[in-house]
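Here's the structure we're looking at; comments come further down.
Nothing in this text is a laboratory measurement; each read-out follows from the coordinates by a stated rule. Computed from a prediction, not measured in an experiment: that's the story for all the values here. Positions of Cβ are backbone-derived with ideal geometry, glycine not excepted, and every protein chain shown enters the neighbour counts.
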Amino acid sequence: MKLYKIPFILLMLLTVHPITSLGQISLTIEINELRNNNGQILLAFTNEKGEKITGITQNIADLKCVIVINDLKQGKYAFKYFHDENKNETLDVSWIKIPKEGYGFSNNAKGTFGPPSLGKTIFEIATNTTVKCTPTYIKL
């Protein structure tokens, strides 16, 4: 009778483990080299299809911003952000639509005459992960 208990216990552990590990992943996003401590960072976090999961507003200290997103599932994600220096919740642009405030994307992806494609910004997480980003500031 004891021999039957061991496979049963192993089977239970294997089926329960994936269920308990879902939604237990944390993503830490460090945005460094900000131009100043004014304002805040606004970040849009999406899944691999570009569907918004959450929007986050975070303060800045010591020319950097740290954002932690908890309870994620293993998968592919992307994000974009900007340094809202005047807290108007809008990416300010010049009359020819060039951003006046710093901005960036996951993977530090860059676009040519516009934002990068979603494919360039997608990254995969399977465990707790930290990503580091540096915003782009365009001198006008």
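Here are some notes:
- Computed from backbone phi, the HN-Hα couplings of the range 57-71 come to 10, 9, 6, 10, 8, 6, 6, 8, 9, 10, 10, 10, 10, 9, 6 Hz, rounded to whole numbers (Karplus: 6.51 cos²θ - 1.76 cosθ + 1.60, θ = phi - 60°; Gly and Pro given as x).
- Lysines with Cα under 20 Å of residue 120, excluding same-chain neighbours fewer than 8 positions away: 49, 52, 76, 80, 110, 132
- Long-range amide H partners of residue 83 with built H, under 5 Å: 102, 103
- Least to most buried among 117, 106, 26 (fewest other Cβ within 10 Å first): 117, 26, 106
- Under 14 Å, Cβ to Cβ, from residue 60 - net charge with Lys/Arg +1 and Asp/Glu -1: -3
- Residue 118 sits among other residues whose Cβ lies under 13 Å from its own Cβ, and their net charge, with Lys and Arg +1 and Asp and Glu -1, is +3.
- Virtual spin-label span in nm between residue 139 and residue 92, 7 Å along Cα→Cβ: 1.9 nm
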